[in-house]
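These notes concern the structure reproduced below.
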Amino acid sequence: CAELLNKWSASDPAYSVDTMARSAEYAAEAAQQYEQIECEDKNVQQMPLAEREKYCQALYWKGLNYSTLGRLGGNWRCSAELACATARDSLDLCLSRRRAIIEMIEERKKTPGQPETKHNLPPLAEVQFARGVLTFCMAESLSEGHLYNGTSTQAGQPSELPEMIISDEEPGNNRTSSKAMYSKAMGLLQEVYNDWRARLGEYSIKTVKAITMLATVANRLDGPEAAVEWSKKEVHIREELQGKLHPRTQQARRNYAALLNAAVKRQALKEGLDQPAGAVSGSSEHSVSEPGGSEAPGEEGAKKRKPEGDADKALRTEGLLKE
């Protein structure tokens, strides 16, 4: 349920605080239940590794969902600082548990008389990806003033966040600190992207997840010009893997159009030129309609064709829209 709510929220650029809070709580409850099962099982060492991985997966989603909750500023029951600290602890535990599973698999291989069983090693890179997401969310929350704003994680309890959130150059400067966090997130996600691309190939759902985040972080760190190529790559891969009408492909195309338009605006400002009237804003909420105005198969002719906007023109320039 926590995974479902996370993906449901991800399909909408405007994350709901309430939805993410419930997602985090469901994941936390699942992790608690799996932990209790292990504690009550007297033969825990003989527990199938697949069952142990369920606990790790619950910790993974707990980390991701609390990361997003922290980015949004938290709620009345869980502050941004507590959410980020909870996410960090969950991902650290997930990583240590998965490493322990890998060690157990290697030990079983060495034990004489053990039947040869093929085990899929737990994905460590997935946890590193979530750590990159957490670092990005902390940077966002810091830049919005949700972190280190004089509030505590809970009544009477100070926050316990990683020291690297504060810049050594200008302690207490949120802008400088958030930029350092964005740089850290970029490094983590670049490592994950390189690993997934080498092992899974460029055209993989996991690889494209890393590309999506790299485009987002690059935009925050160095502006839309730095993010355009990542975003363009995401659109092409999602079209191949998921199809042009898939919601995530459509969202990627909208984001790409917004980045292109923002890059053009910035270039125009640098050159002292005026932007033409009717330009699309940088918001990802603007939709990019398919040629012919149809929104789903079988609806051709049901709606009047809409005038082509700047977003479509930008995409057509890049060859992403065809007649």
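The values are calculated or read from the model by the stated rules, or taken from the named source; none is laboratory data. Predicted model, so just to flag it, every value in this text is computed and none were measured. With ideal geometry, Cβ positions are generated from the backbone for all residues, glycine too; neighbour counts draw on all protein chains shown. What goes into the accessible areas is simple: the full protein's heavy atoms, side chains included, and nothing from ligands, DNA or RNA. Shrake-Rupley method; radii C 1.70, N 1.55, O 1.52, S 1.80 Å.
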- Message: Name the residue that is modelled with the lowest pLDDT, counting only residues in region 34-47 that are assigned to a helix (DSSP H, G or I) and surrounded by 12 or more Cβ atoms within 10 Å (Cβ to Cβ).
- Response: Val44
- Query: (1) at pLDDT 95 or above; (2) open to solvent by 30 Å² or more (accessible area, probe 1.4 Å); (3) more than 14 Å from Tyr203 (Cα to Cα): which one isn't true of Gly278, the others all being true?
  - Reply: (1)
- Restricting region 48-88 to residues that are closer than 19 Å to Glu38 by Cα and acidic (Asp, Glu), which is least open to solvent (accessible area, probe 1.4 Å)? Glu53
- Message: Looking at region 208-222, I want the residues that are assigned to a helix (DSSP H, G or I) and have a partner that is open to solvent by 30 Å² or more (accessible area, probe 1.4 Å) and not hydrophobic (A, V, I, L, M, F, W, C) with Cβ atoms under 6 Å, at least 6 apart or on another chain. Which pairs are those?
- Response: Ile211/Lys233
- Note on the structure: Subset of region 189-205, residues under 15 Å from the mean Cα position of the chain (by Cα) and of a type in the set (A, V, I, L, M), comes to Leu189, Val192, Ile205
- Mind listing whichever residues of region 175-215 are open to solvent by less than 50 Å² (accessible area, probe 1.4 Å), closer than 28 Å to His146 by Cα and either modelled with pLDDT under 95 or aromatic (Phe, Trp, Tyr) (or both)? Thr176, Ser177, Ser178, Ala180, Met181, Tyr182
- Whichever residue in region 52-106 is modelled with pLDDT of 95 or more and among the acidic types (Asp, Glu) and, among such residues, is farthest from Gln128 (Cα to Cα): Asp89
